[in-house]
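Report on one structure; see the data block that follows.
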Amino acid sequence: MSKQGNGVGDGGGTTPVLLPIINKADSHPCHECAKCCTYVAIEHDEPTTMRDYDHMVWYLYHKDVSVFVDWDNHWFVRFTSRCENLNSQGMCDVYDHRPAICKEFDWRECENHLTPEDGDPDKWNFETAAEFLEWFEGQRPKTFKRYKRFMKKRHATGEEEELQRVEGS
């Protein structure tokens, strides 16, 4: 078996061709950032039922999950998860074939480029269930009281049977 070159100006030898290392220029607006490539946010209906509020709490009990409300009052569940195509230099390895949502993203809307005059990027941001419940009680006190009654009733129903099953295992 004979060794062949790679056919790129090496005269048929075995000299490897070194590809250039590409880095974002210091002047690039996304230099040392790529925050937009480290999470997925899914729009969610605003909670209106007791079950909806309970789901918000459940989401927030999970690691790397948060909930935020934008200034247009759209609710989102955010999952912190780095894109598998983001390389160690913070660049996209599938840039020429990236999804339209990536292509359409405007870096000027990135929260890292907001100034203090722009204000907070989100109307509300909840990293924990405790933060959400505190907001819920303060912003929607009547509904929060109904939620507490709902939860008390839900926990009272069938709990002994469940505990016996768990303890009897």
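Summary of computed values
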{"read-out": "Condition met for T49 (among the polar types (S, T, N, Q), modelled with pLDDT of 95 or more and either within 18 Å of the chain's Cα centre (by Cα) or under 30 Å from W135 (Cα atoms) (or both))", "value": "yes"}
{"read-out": "Given (1) closer than 30 Å to A130 by Cβ; (2) at pLDDT below 90, index of the condition T15 fails", "value": "(1)"}
{"read-out": "Qualifying residues in region 52-81 (those that are in a loop (DSSP other than H, G, I, E, B) and under 12 Å from the mean Cα position of the chain (by Cα)) - the one nearest to N125 (Cα to Cα)", "value": "D64"}
{"read-out": "Unique residue being in contact with a Pro (Cβ under 9 Å, 6 or more places away or on another chain), at pLDDT 95 or above and aromatic (F, W, Y) when the list is F144, F136, F126, F132", "value": "F136"}
{"read-out": "Residue list for region 72-97, restricted to those being in contact with an Asp or Glu (Cβ under 8 Å, 6 or more places away or on another chain) and surrounded by 11 or more Cβ atoms within 10 Å (Cβ to Cβ)", "value": "H74, W75, F76, F79, T80, S81, N85, L86, N87, G90"}
{"read-out": "Residues being within 14 Å of V67 (Cα to Cα), acidic (D, E) and not in a loop (DSSP other than H, G, I, E, B) - total across region 116-133", "value": "1"}
{"read-out": "Residue in region 38-46 that is surrounded by 12 or more Cβ atoms within 10 Å (Cβ to Cβ), touching a Pro at 6+ places or on another chain (Cβ under 9 Å) and at pLDDT 95 or above present", "value": "no"}
{"read-out": "Selection count, region 134-145, where residues are surrounded by 14 or more Cβ atoms within 10 Å (Cβ to Cβ) and in a helix (DSSP H, G or I)", "value": "5"}
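The values are calculated or read from the model by the stated rules, or taken from the named source; none is laboratory data. Because the structure is a prediction, the values reported are computed rather than measured. Heads up, the Cβs are rebuilt from the backbone with ideal geometry, glycines too, and the neighbour counts pull from every protein chain shown.
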